[in-house]
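To start, the structure itself, in structure tokens.
Please treat every number below as a calculation from the coordinates, not as lab data. Everything numeric here is computed off the predicted structure, so don't read it as measured data. With ideal geometry, Cβ positions are generated from the backbone for all residues, glycine too; neighbour counts draw on all protein chains shown.
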Amino acid sequence: MAKTVALIAAALCVLALAGFAQCEEQFSVMGRVYCDTCRLQFVTRLSEFISGAKVRLECRDRQDAKNVTYTIEGLTDAEGYYSVPVAGDHEGEICEVTAVSSPDAECNEPANERARVSLAKNSGIPSQNRYANFVGFLKKEPLPECVDVLKELTLVE
Ligand SMILES: *[C@@H]1O[C@H](CO)[C@@H](O)[C@H](O)[C@H]1NC(C)=O
């Protein structure tokens, strides 16, 4: 079975060389960008999603963090979702998505989240789709209702 799949993949690569299919593109990294309306650096029920936000996926060598092996940027759709294609296998590398810029002037301070994704074929994940954790931007002023959210989370009494 695995052999058949490998053969089909190889056949597709041959077709790709002939211009029929894309061979290099192996993964899609998907995720969502939020506006952290409570400035808590996690998603709450008051979080909003940002359309037109820019994210960057960057892979670096595990041994040498200065060695950037892959970079691609993407934009979120109306619901804040993005999907970026990744060519090649990235075993032995650390690949992370970060939030780069937001078109929302009230919510454009990157929350500095790094959403790590595995982009190795041998990771045991059968799908070509790899889902990254949320990355976001902090709203300038937290919403007044954030007090309630904090109470719900029992972080404050
Ligand atoms: C950078 O990392 C890649 C992937 O791990 C490796 O193949 C390559 O040799 C590295 N390049 C340098 C200059 O260290």
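A few comments on the model shown:
- Charged-residue dipole, Cβ positions (Lys, Arg, Asp, Glu), region 30-157 about Cα centre, Debye nearest 20: 320
- Multiplying the residue separation of residue 30 and residue 131 by 0.36 nm and removing their Cα-Cα distance gives an extension gain of 35.9 nm.
- Between residue 70 and 59, the built amide H atoms are under 5 Å apart, and every one of these is 5 or more places off in sequence or on another chain.
- Region 24-152: C-alpha gyration tensor shape, a/c 1.5 cut-off, then a/b vs b/c: prolate
- Model label sites at residue 153 and residue 120, defined 7 Å from Cα along the beta-carbon direction, differ in position by 3.3 nm.
- Only one residue of 28, 65, 80 has its Cα farthest out toward the positive end of the dipole of region 18-132, where Lys and Arg carry +1 and Asp and Glu -1 on Cβ, and that residue is 65.
- Cα-based Lys pair tally, region 24-152, threshold under 23 Å, eight or more apart or on separate chains: 5
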